[in-house]
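Values in this text are rule-based calculations from the coordinates and carry no lab data. All values derive from a computational prediction rather than experimental measurement. Note that each Cβ is placed from the backbone with ideal geometry, even for glycine, and that neighbours are counted across all protein chains shown.
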Amino acid sequence: MADVLEKKKVTEKKVAEANKYDKATYLRWLEVMYRVRRFEEKGLFAYSQQKIRGFFHVYIGQEAIAGGLATGIRPEDKIVTAYRQHGIALTRGLDSKSCMAELYGKETGCVKGKGGSMHFFSAQHNYFGGNGIVGAQIPIGTGIAFAEKYKGTDNLCVTMFGDGAARQGALYESFNMAMTWKLPVLYICENNMYAMGTSVKRTSNVHDLYKVGAAFDMPSESVDGMNPESVHEALQRAAAHIRSGKGPYYLEIKTYRYRGHSVSDPAKYRTKEELETYKEKDPLVIIQNKILKNKIASQAEIDAIVDKINVEIDEAMEFAENSSYPLASELYEDNYTQKDYPFITD
Ligand SMILES: Cc1ncc(C[n+]2csc(CCOP(=O)(O)OP(=O)(O)O)c2C)c(N)n1
Ligand SMILES: [Mg+2]
């Protein structure tokens, strides 16, 4: 992290003045966000060595959302999201070793090496995974929320999607059903301004995507997604509303990805100036500056967190490298819950 922090200048006004939360919360945000950044930077390195193959979409720049999710909802709440999902899985508490092994396609991965970068999953962590079909998880999350209501729990289902998915018909159908039945679902649009190379401005005359909620009378807000503090606050507001039985809530979290859509994207559709503007709002830098400026913790305490995560991710890589690939004979295992699924042929 040292170089991430040294290279970036952050204007003082980006640092909120007062401490609203305790020291442990600020340090937790730093730790969660740095874990995601380090995990993906190391993953990109392994990808460049062809140790990781296939699709690979990183979250770098968007980590404040993972940070907010670590504190703003409960571990019993469910989450389902799209394919840009390593950071969400990690913030749910999936072990970095099992996530890194999954990227490597190894049998020790969180889905035994059969999912890869887009398809982490862990029922134990209430993480219903990454989905590769744009918008497919919106009705799935709505259904998970229905199940929670049916079972009479106090849990909500956080259903996340990108700005590109926000124009899918499935979203409108799900919003309508969720409001009609007052389902405990928190919809989050991570608006990073681009769907592959297509900017939000090219796909609709409505650029503030939270406004879509108004058509359904769904409470909807726009949130600063470059700061875990604002994400946390919005999540708590939304969760309180949902848990009171009033039904869904929609947050459009405005964020930015520093890398291309996936590893193969040179991102020529945006200017260097635009990228630099957002790098000045780097959530990791913002939170570290706040911690230091407001004397929440010392530089030594920050360094200790950074060192701990560096070791954790190095160990995760070693674990992934030393693990075995799944056996070919297990190809058809774990794909279907129905044991006698009749449509498999050799
Ligand atoms: C139904 C469907 N259409 C097209 C694609 C190809 N595709 C993959 S990612 C993507 C862009 C989605 O962008 P967004 O929802 O904003 O998510 P982001 O990548 O920005 O996180 C597209 C069009 C797909 N996977 N599924
Ligand atoms: Mg997008």
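Taking the conditions (1) surrounded by fewer than 24 Cβ atoms within 10 Å (Cβ to Cβ); (2) away from ligand 1 (no atom under 16 Å from the Cβ); (3) part of a loop (DSSP other than H, G, I, E, B) in turn, M179 satisfies each one other than (3).
Scanning segment 183-229 for residues that are of a type in the set (D, E, K, R) and in contact with a Lys or Arg (Cβ under 6 Å, 6 or more places away or on another chain) returns no hits. When segment 192-228 is filtered for residues that are part of a helix (DSSP H, G or I) and either near ligand 1 (Cβ under 10 Å from one of its atoms) or closer than 21 Å to H261 by Cα (or both), the ones remaining, listed by number, are V200, K201, R202, T203, L209. The residues on offer are Y249, Y258, and the sole one that is closer than 30 Å to T153 by Cα and within 22 Å of the chain's Cα centre (by Cα) is Y249. Does segment 117-167 hold any residues that are within 16 Å of ligand 2 (Cβ to nearest atom), under 15 Å from the mean Cα position of the chain (by Cα) and within 30 Å of S324 (Cα to Cα), and which are they? Within segment 117-167, M118, G130, N131, G132 qualify. A single entry from T203, T198 fulfils the requirement of being surrounded by fewer than 21 Cβ atoms within 10 Å (Cβ to Cβ), over 22 Å from the mean Cα position of the chain (by Cα), over 25 Å from A89 (Cα atoms) and within 14 Å of ligand 2 (Cβ to nearest atom): T203. For segment 254-289, what are the residues that are closer than 15 Å to M226 by Cα, among the acidic types (D, E) and away from ligand 1 (no atom under 16 Å from the Cβ)? Hits for segment 254-289 are E276, E280, D282.
Residues satisfying the criterion are absent from segment 102-116 (criterion: under 19 Å from Y336 (Cα atoms), touching a residue at least 12 places away in the same chain (Cβ under 8 Å) and within 10 Å of the chain's Cα centre (by Cα)).
So that you can scan it fast, the table gives a plain yes or no per residue for (1) within 25 Å of T71 (Cβ to Cβ); (2) among the acidic types (D, E); (3) within 15 Å of ligand 1 (Cβ to nearest atom):
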{"position": "A101", "(1), (2), (3)": "no, no, no"}
{"position": "Y104", "(1), (2), (3)": "no, no, no"}
{"position": "G113", "(1), (2), (3)": "no, no, no"}
{"position": "F121", "(1), (2), (3)": "yes, no, no"}
{"position": "A136", "(1), (2), (3)": "no, no, yes"}
{"position": "V158", "(1), (2), (3)": "yes, no, no"}
{"position": "G162", "(1), (2), (3)": "yes, no, yes"}
{"position": "Q168", "(1), (2), (3)": "no, no, yes"}
{"position": "L183", "(1), (2), (3)": "yes, no, no"}
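Only residues that are within 24 Å of F146 (Cβ to Cβ), within 16 Å of ligand 1 (Cβ to nearest atom) and among the hydrophobic types (A, V, I, L, M, F, W, C) were counted in segment 65-99, giving 6. Filtering V263, V306, V311 for residues that are in contact with a Phe, Trp or Tyr (Cβ under 7 Å, 6 or more places away or on another chain) and not in a loop (DSSP other than H, G, I, E, B) leaves a single hit, V306. All of (1) part of a helix (DSSP H, G or I); (2) out of contact with any Asp or Glu (no Cβ under 9 Å at 6 or more places or on another chain); (3) not β-branched (V, I, T) hold for K268 with one exception: (1). Of the residues that sit in segment 138-156 and are within 16 Å of ligand 1 (Cβ to nearest atom) and crowded, with 20+ Cβ neighbours inside 10 Å, which one is nearest to I79 (Cα to Cα)? Once the filter is applied, the top-ranked residue is G141. Can we say G245 is within 16 Å of ligand 1 (Cβ to nearest atom), touching a residue at least 40 places away in the same chain (Cβ under 8 Å), out of contact with any Ser or Thr (no Cβ under 8 Å at 6 or more places or on another chain) and farther than 25 Å from Y34 by Cα? No.
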